[in-house]
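Let me begin by presenting the structure, written as structure tokens, before commenting on it.
The values are calculated or read from the model by the stated rules, or taken from the named source; none is laboratory data. Note that this is a predicted model, so its numbers are computed, not measured. A quick note on method: Cβ atoms are made from the backbone with ideal geometry, for glycine too, and the neighbour counts reach across all protein chains shown. Only protein heavy atoms, including side chains, enter the accessible area calculation; ligands, DNA and RNA are left aside. Shrake-Rupley method; radii C 1.70, N 1.55, O 1.52, S 1.80 Å.
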Amino acid sequence: MTETHSTLSIVSTSNAPAAIGPYAQAIKAGDLLFLSGCIPLNPRGELVGEGDVVAQTHQALANLKAVIEAGGSELGKVVKTTVFLKSMNDFATVNGIYAEFFGKHTPARSAIEVARLPKDVLVEIEAIARGSDQKVKGTMISLPNLKIQ
């Protein structure tokens, strides 16, 4: 059986729903935090806003924030997000909520329409964030002369 490598830390918080499969809410690798997709379940694992993309987006982002903070980071350190939508027709609505949530911070982002999401939700959001350099458990590797052709 494979064990989690000692340079990785599993992040878990009761302020967001537990993982519904064999994965972690997030993994910390050095000063990077990789979040699994956050869906609109409340911390008790109950679906929020069935059929309501506004309520679902707010809940997914609240879960994202809870996991980011549990990993020792903050919203202003989010580097990249991926937004999965059941329907691209909801893009403008989700985009408005997302913009308000992140404020002046604008991480890199992709938005993708998908055929189906877990629990048949309308939106799922994953992220990568920088953590605190002071909380790094693993080893940082520098490749100063790496050239890609």
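Scanning region 76-92 for residues that are free of Cβ contacts under 8 Å to residues at least 40 places away in the same chain and out of contact with any Leu (no Cβ under 8 Å at 6 or more places or on another chain) yields 76, 88, 89, 92. For region 99-133, a residue qualifies if it is in a helix (DSSP H, G or I) and within 19 Å of residue 65 (Cβ to Cβ), and the qualifying residues are 99, 100, 101, 102. Has region 46-56 got at least one residue that is open to solvent by less than 20 Å² (accessible area, probe 1.4 Å), of a type in the set (Gly, Ala, Ser) and under 19 Å from residue 119 (Cβ atoms)? No, that holds for no residue.
A search for C-beta distances below 9 Å between a residue of region 43-68 that is at negative phi and part of a loop (DSSP other than H, G, I, E, B) and any residue that is modelled with pLDDT of 95 or more and among the polar types (S, T, N, Q), counting only pairs 6+ apart in sequence or on different chains, returns 43/13; 43/14; 43/15; 43/63; 48/42; 48/56; 48/59; 50/56. From the residues in region 99-135 that are touching a helix residue (DSSP H, G or I) at 6+ places or on another chain (Cβ under 7 Å) and without any contact (Cβ under 8 Å) to a residue 60 or more places away in the chain, which one is least open to solvent (accessible area, probe 1.4 Å)? The residue in question is 102. For region 1-36, the set of residues classified as in contact with a Leu (Cβ under 8 Å, 6 or more places away or on another chain), touching a residue at least 24 places away in the same chain (Cβ under 8 Å) and assigned to a strand (DSSP E or B) consists of 11, 26, 28, 29, 35, listed by residue number. Do we have any residue at all in region 29-37 that's under 18 Å from residue 132 (Cα atoms) and open to solvent by 70 Å² or more (accessible area, probe 1.4 Å)? Yes, there is a match, as at least one residue in region 29-37 is under 18 Å from residue 132 (Cα atoms) and open to solvent by 70 Å² or more (accessible area, probe 1.4 Å).
The set of residues in region 61-98 being open to solvent by 40 Å² or more (accessible area, probe 1.4 Å) and β-branched (Val, Ile, Thr) consists of 79, 93. Taking the criterion of being among the hydrophobic types (A, V, I, L, M, F, W, C), in contact with a Phe, Trp or Tyr (Cβ under 9 Å, 6 or more places away or on another chain) and outside any helix (DSSP H, G or I), the residues of region 69-93 that qualify are 78, 83, 85.
Just one of 111, 99, 16 is within 28 Å of residue 132 (Cβ to Cβ), under 15 Å from the mean Cα position of the chain (by Cα) and at pLDDT 95 or above; which is it? Break it down into steps so the answer makes sense when it comes.
Details: 111 fails: within 28 Å of residue 132 (Cβ to Cβ); 99 fails: under 15 Å from the mean Cα position of the chain (by Cα).
When all the criteria are applied, what remains is 16.
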